[in-house]
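Step one of this worksheet: look at the structure below.
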Amino acid sequence: LLFNGKFYQNCSRIFEWVLVREGTIIQLGKKNDPLPHGDFHKIDMQGRLVLPGIQDAHLHVFAFGKLKNSVDFSKSKSISELKSALSGHISKLKYPTLIEGTHWDQDLLGRTPTRHDIDEIEKNVPVVLYRRCWHICVVNSIVLEKCGITNSTPNPEGGEFDRDENGQLTGIIRETAAEMLGSALRVELSKEEKKMIIHNAVKYCISNGITAVQTNDATKIGGISNPWEIYSELLAEEKLPLRVFLTVADDDIFENKAPPANSKIGEKLVCGRAKVFTDGALGASTAALLEPYSDDVNGKNVGTLYYQSQESLTERVRELHQKGFQLEVHAIGDSAAHATLTAFKQAGLKHEDRPILTHAQVLSPSLMDDMVSVNAVANIQPQFVHSDSEMAPLRLGSERMKYSYAWKSLIQKGIRVAGGSDAPIEPPHPLMGMYYAITREGKDGNPMGQNECLDFDEALKMYTEGAAYAVKAEHYLGSFELGYRADFVVLNVDVTQDHRALKTAQVLEVWIDGKLEYTQSIEEKNSLKRENEIAFGEDSEQTKKSKPNESIGHPPNSCPCCASK
C-alpha cells in the first residue's frame, strides 16, 4: 500500500493512495477515501508527486550508450574549435582503430567540415564525425581509401558523396551513402561489451524517470546486429530494470537479423515494430520537402527522399505489414510525410494497425487529415523545438513554420501523440521534453510558435498514455487504472502547477511492476543538479533573458482545470 502521495494522472484524476498486488494496481483511493484494511506492506510517500510510468517513445539505446567513447562537438563554434576538440580527444586514446565524433553543427561552425580539416589532425587512423542529426558525416581521407570510395563512385539512391568544384571528394557523406562505410570500418564489439553498453544506457534512462524505452537498435544505427539477443540475455541476468519495446530495422528483418514480429519475453521485452527511413534531417537540409528550402541559395534543394518511387516505398511497407510488424516510418519533411501516408493507405493498413509517423516535423492541414484517416500516431521529440529554434525558421520560412512542430494542432485533430528524445540526438530526459512541449522555449528565451504550446496534462500524456498507445500497450501501461501494471515515477517537487519546476525536478524513485527499481543516491543527486545547470544554462545569457518572460507557454498555474481560478 503506497499512501500519502499525489498520484497524478491529470487534473481530474488525482489519487492519494494505491494498492498493488503482484505488480498490478488493484485499488485506488482519492483524498478522504478510507485506506483499505489488511496486512499490507505500507509505504508513506510523504506527500510526493507520483506520475504514471513515463516512456521514451523514440530513441536509440545502443547508439546512446556508445557516446561516451566519442568526442562531442556540440560546444564547438568554429572549425578551429572542432579541430582542437578532436586533437584533445585523440591524445587520450592509446591504440585507436577507429575514432568517432558526434553533434557538430555547420550553422555553429560557419561551414561544414571536410576531410582536409580532419587530415590536418589525423591521417593514419580512420575518423568519422557525425553531424548532430547523424544524417551527415565527414571522414578523413584514409576512410575513403579503406572503403573504396573514389571520385568516380556513383551516388546511391537516397544518398550523396559531396564533391568540390573540381569533382574531388570532400569527405562529406550524406544519408544512405554512409552505408558504404560498413564492414570496412566496423569494429565488432564482443557480446559482453554490447551488454555493458546497453546496461549502462538503460541505467541512465531509468535514473531520469523512464520506465520503458521504445528503442530502435540496428546494424546501421549504432552498429549492433543482434539487439534482441543482447536484451534477452540482460533480462535473463536481471540487468534490464525497465521495459524494452524493440523496433528493428527493415533491412535487418529481410537479412534475417531480427526476431519474428511480436516476439516477447513476458511484459519486459517486446519486439513488434519495424523501422523504415524515408528522408533525412532538417538541419542537414536533407529532409524531403515539397518546395525548396527557404535558405537554399540556388532555390532548388528539396532534400532527399530515400525511395525514388512511391511504388517501392508502398511495397516495402506492404511486405513488413504482411510479416506482422507494426510500421514506424521516419518522416521529417512534408514530402516524406506525404509519401509515407500514401504508402500506408496503398498497403491497406487499417485503423487497428496504428502506423507510426516518427518526427512529423513539417506538416500541413491536409497531411494531418491523412494521418487521422489511417490512425497514424505522431511520434515527436519536444526537445527539438529548442535545439531547432534558430535553424528551422531559416530552412522553412514563415509559411511552412505555421504547421511545423505543430503538436497542439495534432492533438486538436484527434491524432495520438507520443513523446520521445531520439537519443543520442537529444538526451533521454522526459522532464526536459515536457518543459519544452509546454514552453516551446527557443535558444533566445522566446517561444517558437506559442500557439502550439501544450498544457501540463497534454505534455505528460505524450510520455505516458500516448507512448503506451504507440506500442499497443495502453490496456496495461501509462495510467493509474485498476488492472494496470504498477509503474510509477516519484519526483522531489510538484511540477503539475508550475512548469518551470520541470527544469530542476529530480527523480527520487522509479517503480516498475510494483518493485522499487531505482532510488536516487546522494552522488546522483549532485550529478543531476550539475546536468540540469548545463542542460538549461542556469547561469547563461539565455536564462537571464528568459527568466523575466513568464508569458512563455502557459502561466505557472498551467493546469487547464485550474487556470481560470
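Which residue is nearest to residue 143 (Cα to Cα), if the candidates are limited to the range 76-96 and must be open to solvent by 40 Å² or more (accessible area, probe 1.4 Å) and in contact with a Leu (Cβ under 9 Å, 6 or more places away or on another chain)?
81
Take residue 399 and tell me if it is under 21 Å from residue 491 (Cβ atoms) and of a type in the set (D, E, K, R).
no
Check the range 175-197 and report whether any residue there is touching a Leu at 6+ places or on another chain (Cβ under 7 Å) and of a type outside the set (A, V, I, L, M).
Yes.
Quick test for you: out of 175, 145, 192, 165, pick the one residue that is within 28 Å of the chain's Cα centre (by Cα), farther than 25 Å from residue 272 by Cβ, open to solvent by 20 Å² or more (accessible area, probe 1.4 Å) and not basic (Lys, Arg). Can you show your working first?
Details: 175 fails: open to solvent by 20 Å² or more (accessible area, probe 1.4 Å); 145 fails: within 28 Å of the chain's Cα centre (by Cα); 165 fails: within 28 Å of the chain's Cα centre (by Cα).
Exactly one of 175, 145, 192, 165 is within 28 Å of the chain's Cα centre (by Cα), farther than 25 Å from residue 272 by Cβ, open to solvent by 20 Å² or more (accessible area, probe 1.4 Å) and not basic (Lys, Arg), namely 192.
For the range 97-132, enumerate the residues that are open to solvent by 20 Å² or more (accessible area, probe 1.4 Å), within 19 Å of residue 390 (Cα to Cα) and of a type outside the set (Asp, Glu).
103, 106, 108, 110, 111, 112, 132 - these are the residues of the range 97-132 that are open to solvent by 20 Å² or more (accessible area, probe 1.4 Å), within 19 Å of residue 390 (Cα to Cα) and of a type outside the set (Asp, Glu).
With the range 355-469 as the region, which helices (runs of 4 or more DSSP H) entirely inside it contain at least 2 residues that are acidic (Asp, Glu)?
Where helices (runs of 4 or more DSSP H) fall fully within the range 355-469 and carry at least 2 residues being acidic (Asp, Glu), they are 365-374, 456-463.
Go through the range 212-261 and report how many residues are within 27 Å of residue 518 (Cβ to Cβ), open to solvent by 10 Å² or more (accessible area, probe 1.4 Å) and modelled with pLDDT of 95 or more.
The number of residues fulfilling the criteria is 11.
Determine if the range 35-57 includes at least one residue that is more than 30 Å from residue 217 (Cα to Cα), polar (S, T, N, Q) and open to solvent by less than 40 Å² (accessible area, probe 1.4 Å). Break it down into steps so the answer makes sense when it comes.
So the first thing to find is which residues in the range 35-57 are more than 30 Å from residue 217 (Cα to Cα), and the list is 35-50.
From what is left, the residues that are polar (S, T, N, Q) are 46.
Then drop every residue that is not open to solvent by less than 40 Å² (accessible area, probe 1.4 Å), which leaves none.
No, the range 35-57 contains no residue that is more than 30 Å from residue 217 (Cα to Cα), polar (S, T, N, Q) and open to solvent by less than 40 Å² (accessible area, probe 1.4 Å).
Are there helices (runs of 4 or more DSSP H) fully within the range 245-353 with at least 1 residues that are farther than 29 Å from residue 395 by Cα and in contact (Cβ under 8 Å) with a residue 60 or more places away in the chain? List them.
In the range 245-353, 250-254, 310-322 are the helices (runs of 4 or more DSSP H) which contain 1 or more residues that are farther than 29 Å from residue 395 by Cα and in contact (Cβ under 8 Å) with a residue 60 or more places away in the chain.
What single numbered condition from (1) surrounded by fewer than 22 Cβ atoms within 10 Å (Cβ to Cβ); (2) at pLDDT below 95 fails to hold for residue 295?
For residue 295, the exception is condition (2).
Looking at residue 314 and the list (1) open to solvent by less than 30 Å² (accessible area, probe 1.4 Å); (2) touching a Leu at 6+ places or on another chain (Cβ under 7 Å), which single condition is not satisfied?
Residue 314 satisfies all of (1) open to solvent by less than 30 Å² (accessible area, probe 1.4 Å); (2) touching a Leu at 6+ places or on another chain (Cβ under 7 Å) except (2).
Return the pairs, sorted by first residue and then second, in which the second residue is of a type in the set (S, T, N, Q) and in a loop (DSSP other than H, G, I, E, B), the first residue lies in the range 89-102 and is over 19 Å from residue 184 (Cβ atoms), the beta carbons are less than 9 Å apart, and the residues are 6+ apart or on different chains.
Close Cβ pairs (under 9 Å, with a partner that is of a type in the set (S, T, N, Q) and in a loop (DSSP other than H, G, I, E, B)) amount to 89/70; 102/70; 102/74.
Check residue 203 against each of (1) under 29 Å from residue 125 (Cα atoms); (2) assigned to a helix (DSSP H, G or I); (3) free of Cβ contacts under 8 Å to residues at least 60 places away in the same chain and name the one condition it does not meet.
So residue 203 meets the others, but not (1).
Please go through (1) surrounded by fewer than 24 Cβ atoms within 10 Å (Cβ to Cβ); (2) touching a helix residue (DSSP H, G or I) at 6+ places or on another chain (Cβ under 7 Å) for residue 421 and return the number of the only condition it doesn't satisfy.
Looking at each condition in turn, residue 421 falls short on (1).
Please state which of the following conditions residue 187 fails to meet, knowing it meets all the rest: (1) surrounded by 24 or more Cβ atoms within 10 Å (Cβ to Cβ); (2) among the hydrophobic types (A, V, I, L, M, F, W, C); (3) out of contact with any strand residue (DSSP E or B) (no Cβ under 7 Å at 6 or more places or on another chain).
That leaves (1) as the condition not met.
Taking the range 1-27 only, how many residues are of a type in the set (A, V, I, L, M), open to solvent by 50 Å² or more (accessible area, probe 1.4 Å) and more than 31 Å from the chain's Cα centre (by Cα)?
Residues meeting the conditions: 1.
Grab the helices (runs of 4 or more DSSP H) fully contained in the range 107-185, keeping just those with 2 or more residues being touching a residue at least 40 places away in the same chain (Cβ under 8 Å).
The helices (runs of 4 or more DSSP H) meeting that bar are 115-119.
Check whether at least one residue in the range 262-269 is under 26 Å from the mean Cα position of the chain (by Cα), among the basic types (Lys, Arg) and open to solvent by 50 Å² or more (accessible area, probe 1.4 Å), and report yes or no.
Yes: the range 262-269 contains one or more residues that are under 26 Å from the mean Cα position of the chain (by Cα), among the basic types (Lys, Arg) and open to solvent by 50 Å² or more (accessible area, probe 1.4 Å).
How many residues does the range 308-351 hold that are modelled with pLDDT of 95 or more and over 23 Å from the mean Cα position of the chain (by Cα)?
First, pick out the residues of the range 308-351 that are modelled with pLDDT of 95 or more: 309-351.
From what's left, over 23 Å from the mean Cα position of the chain (by Cα): 309-316, 318-319, 321-324, 342-343, 345-351.
Result for the range 308-351: 23.
Return the residues of the range 432-447 that are on the phi < 0 side of the Ramachandran plot and either among the acidic types (Asp, Glu) or surrounded by 24 or more Cβ atoms within 10 Å (Cβ to Cβ) (or both); say none if nothing qualifies.
Of everything in the range 432-447, those that are on the phi < 0 side of the Ramachandran plot and either among the acidic types (Asp, Glu) or surrounded by 24 or more Cβ atoms within 10 Å (Cβ to Cβ) (or both) turn out to be 433, 434, 435, 436, 437, 438, 439, 441, 444.
The values are calculated or read from the model by the stated rules, or taken from the named source; none is laboratory data. Treat the numbers as computed from the prediction; the structure is a model and nothing was measured. As a convention, Cβ positions derive from the backbone with ideal geometry for all residues, glycine included, and neighbour counts pool all protein chains shown. The area values use the complete protein model at the heavy-atom level, side chains included, leaving out ligands, DNA and RNA. Shrake-Rupley method; radii C 1.70, N 1.55, O 1.52, S 1.80 Å.
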